[in-house]
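In what follows, a structure is listed as structure tokens, so that the remarks can point back to it.
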Amino acid sequence: MSHAISIGCQRPYVIHLQADFSIPYATTPKVLISDRHVGPLYKEQVLSVLDDCYYIEIPAGESFKTREMKQKIEDELLLNHFGRDVHIYALGGGVILDLVGFLASTYCRGVKLTYLPTTLLAMVDVIVGGKTGVNTPQGKNMIGSFYTPSAVYANLNTLQSLSMKEYTAGIQEMIKHALLFDDSLLCYLNKHTKELLAKDISFLEHVIQKSILMKARVIEDDEFESGKRALLNFGHTVGHAIEKVSFYQVLHGHAIGIGMLIEAYMASGESALTKTILDFLKAYECPIDFALFNRTDDILDAMHWDKKNCDNSIQMVYLKNINAYQCHENQYTFPITKEQVLHAFTWVKDYLQC
Ligand SMILES: NC(=O)c1ccc[n+]([C@@H]2O[C@H](COP(=O)([O-])OP(=O)(O)OC[C@H]3O[C@@H](n4cnc5c(N)ncnc54)[C@H](O)[C@@H]3O)[C@@H](O)[C@H]2O)c1
């Protein structure tokens, strides 16, 4: 299995979907960065291909996607005399890719970067479009940059070692792409739940490829989010707040799944769309922590830190139905009120608990 998908942005690059770690040999100084879960599983395979490569391993998890961790890695690179010619390889999920991508964008004012994604979420979302960043106590991804990699090599077999919880979180981002843009992908996800939950590689190959192509089309139109790219934030206004309030115990993808349901209710009421989202949340085993539904004040507070906010108002994508989003003069997000949010949380809680 091998597919090459070209991403046509300001600095075009190619995403290779493959079943191993074949990566072209580079003669420049090389650094591989991974985390303590992924490194022990795959670093030997990658290092044997890269040959003569410095290795850095950091703790795993969202709480290490910070400015402090970026600085720690930078210091290690500087102490080891890596300069502008260094080629950095990031091996891991979205946390490693976001953090290392941001680091590569500022180290010596920008160095060569290759992504080796190992989670489903990273393969269908993070590797497309060049957003990098770190979290701060105020919120998610508040500091970062747009910086595209030189290339991406996604070894789909690494998904076999990913926990089911992390895996189903990734599926939510594919559902998001399908709800926004592609009814046929939605039908496929609906029809092949069993095969996809079993991580059948031939079915996965199809949905990952489709999902990447869909996001790529949006990026190619609006790389720096001055318009249509904002649509990809569907579910994220509420989702990011849920992640933060749960101290990142609710995984990003699952938070987006619940966020999509709440935001869909705000845009369309109890509808065919909310019913579809509920069915997908159940089918793909998205956990729902009801304790969070009693913390709507904290969630609203967290929403005040959302990057999309403007003129002091909280903004969200209005998806009215499958593949039918609201758009007005190149504007794709619209204000919401506190009352709308509270009403939607009450509805979801009542609906799911009865
Ligand atoms: N840049 C973007 O466009 C973009 C888009 C979506 C999400 N994100 C970011 O991505 C992050 C979430 O990424 P994620 O869901 O990949 O989480 P993650 O990177 O934290 O990985 C999840 C967990 O699985 C482990 N893991 C990774 N691959 C594994 C494998 N193959 N086998 C076993 N264990 C493995 C990791 O060590 C970690 O513990 C969030 O910070 C989010 O903000 C960025």
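The values are calculated or read from the model by the stated rules, or taken from the named source; none is laboratory data. Keep in mind that what you see is a predicted model, and the values were worked out from it rather than measured. Methodologically, a virtual Cβ is constructed for each residue, glycine included, from the backbone with ideal geometry; neighbour enumeration extends over all protein chains shown. Remember, those area values only see protein heavy atoms, side chains included, never the ligands or the DNA or RNA. Shrake-Rupley method; radii C 1.70, N 1.55, O 1.52, S 1.80 Å.
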Just one of the numbered conditions (1) within 17 Å of Leu204 (Cβ to Cβ); (2) near the ligand (Cβ under 9 Å from one of its atoms) is not true of Met164; which one?
(2)
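Please pick out the residue among Lys176, Lys199, Lys165 that is outside any helix (DSSP H, G or I) and either modelled with pLDDT of 95 or more or open to solvent by 10 Å² or more (accessible area, probe 1.4 Å) (or both).
Details: Lys176 fails: outside any helix (DSSP H, G or I); Lys165 fails: outside any helix (DSSP H, G or I).
Exactly one residue qualifies, and that residue is Lys199.
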Against the conditions (1) part of a strand (DSSP E or B); (2) out of contact with any Cys (no Cβ under 9 Å at 6 or more places or on another chain), where does Gly101 fall short? Just the number, please.
(1)
Quick one: would you say Lys30 is open to solvent by 20 Å² or more (accessible area, probe 1.4 Å) and either under 18 Å from Val86 (Cα atoms) or over 20 Å from the mean Cα position of the chain (by Cα) (or both)?
no
Where the second residue is assigned to a helix (DSSP H, G or I) and within 6 Å of the ligand (Cβ to nearest atom) and the first is at positive phi and lies in region 117-142, which pairs have Cβ atoms under 7 Å and are six or more apart or on separate chains?
Gly133/Asp98
What are the residues in region 312-326 that are open to solvent by 70 Å² or more (accessible area, probe 1.4 Å) and free of Cβ contacts under 8 Å to residues at least 24 places away in the same chain, if any?
Asn312
Single condition Ala60 does not satisfy, out of (1) surrounded by fewer than 16 Cβ atoms within 10 Å (Cβ to Cβ); (2) part of a loop (DSSP other than H, G, I, E, B):
(1)
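Do you know which residues across region 106-116 are more than 11 Å from the ligand (Cβ to nearest atom) and on the phi < 0 side of the Ramachandran plot?
At the first step, the residues of region 106-116 found to be more than 11 Å from the ligand (Cβ to nearest atom) are 106-114.
Hits for region 106-116 are Thr106, Tyr107, Val111, Lys112, Leu113, Thr114.
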